[in-house]
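Report on one structure; see the data block that follows.
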Amino acid sequence: MEPLITLKDIGRKYVIGSEIIHALKSVSLTINKGEFVALMGPSGSGKSTLMNILGCLDTPTKGEYILNGINVSHMTDNELAEVRNKEIGFVFQTFNLLPRNTALDNVALPLVYAGVNKVNRQARAKQTLENVGLGNRIDHKPNELSGGQRQRVAVARALINNPSIILADEPTGNLDTKTSIEIMGLIEDIHAKGNTIILVTHEEDIALHAHRIVRMRDGLIENDFANPNIHKVERHSAVVE
């Protein structure tokens, strides 16, 4: 079976004034359907640039990116937007919810872009909010919800289109320890249902929830290994070596 994600010799450089910055030098990586991968690295390692490319928010300067059978390496912004809406669910550290919209409307938003009618949008959004434990909060606005509840809304929004991958960028960065554990439990549940998850984090204890850890340094992959401690945090399954 083809990998869900194939990166071949991906590079990304930025020209700032007279200086050329190589954010990614050469990254080759494959991720299979159903994997749970943590992307780690210090500030400036290239992990955010790599996440932007994986999420079709940016295109590489060199190399090839195949996502679910589609070569997205040289697409226009409009083509990338279409791929993003169909293939990728995002969960951000800052939640990125619309403040004046209810939880239901926030979750239904990607379906507006997908052209789904209002009745179906609302039914699907309600069901997805129930799936993340917020069925009783559908009419609440973000400022009426706790940080953990806001992140659950963001997770529901990421799931609404049944995307190929969920990209979670520091999803517990703004949460306290107890709430972080709850959100990681929710992400584990989502993975257990067969979703592919890529988690960007600088926190070791959060990365330990993933089955595979990819560490970056200076625009390169430093190492890429199956998580040996998975059974200590994982509730659903053990890694089969």
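What follows draws every value from the coordinates through simple rules; no lab data is involved. Because the structure is predicted, anything quoted here is derived from the model rather than measured. Positions of Cβ are generated from backbone atoms using ideal geometry, with glycine treated the same way; all protein chains shown enter the neighbour counts.
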Mean projected area in nm² (Cα convex hull; one quarter of hull surface) for the chain: 13.8
If you take the C-alpha gyration tensor of segment 38-147, multiply each eigenvalue by 5 and take the square root, what semi-axes do you get, largest first, in whole Å? 30, 19, 11
Along the dipole axis of the chain (charges at Cβ: +1 for Lys and Arg, -1 for Asp and Glu; origin at the Cα centre), the most positive-end residue among L145, F36, I187 is L145
Stokes-Einstein, Kirkwood over Cα pairs, segment 108-156, 4 °C, 1.567 mPa s; D in µm²/s equals 117
Using a simple charge model, +1 on the beta-carbon of Lys and Arg, -1 on the beta-carbon of Asp and Glu, nothing else, what dipole does segment 117-241 show about its Cα centre, in debye to the nearest 20? 780
Least to most buried among Y14, Y65, by other C-beta atoms within 10 Å and fewest first, runs Y14, Y65
If you place +1 on the Cβ of every Lys and Arg and -1 on the Cβ of every Asp and Glu, how big does the dipole about the Cα centre of the chain come out, in debye to the nearest 20? 580
Name the residue farthest towards the positive end of the dipole of the chain from the options I221, V112, T59, assuming +1 on Cβ of Lys and Arg, -1 on Cβ of Asp and Glu, about the Cα centre. V112
Count the net charge of all other residues whose Cβ sits under 12 Å from the Cβ of C56, scoring Lys and Arg as +1 and Asp and Glu as -1. -3
Taking every alpha carbon pair in segment 83-132, what does the distance histogram look like in 10 angstrom bins from 0, in percent? 24, 57, 19, 0
Segment 1-52: C-alpha pair distances exceeding 15 Å, %: 56
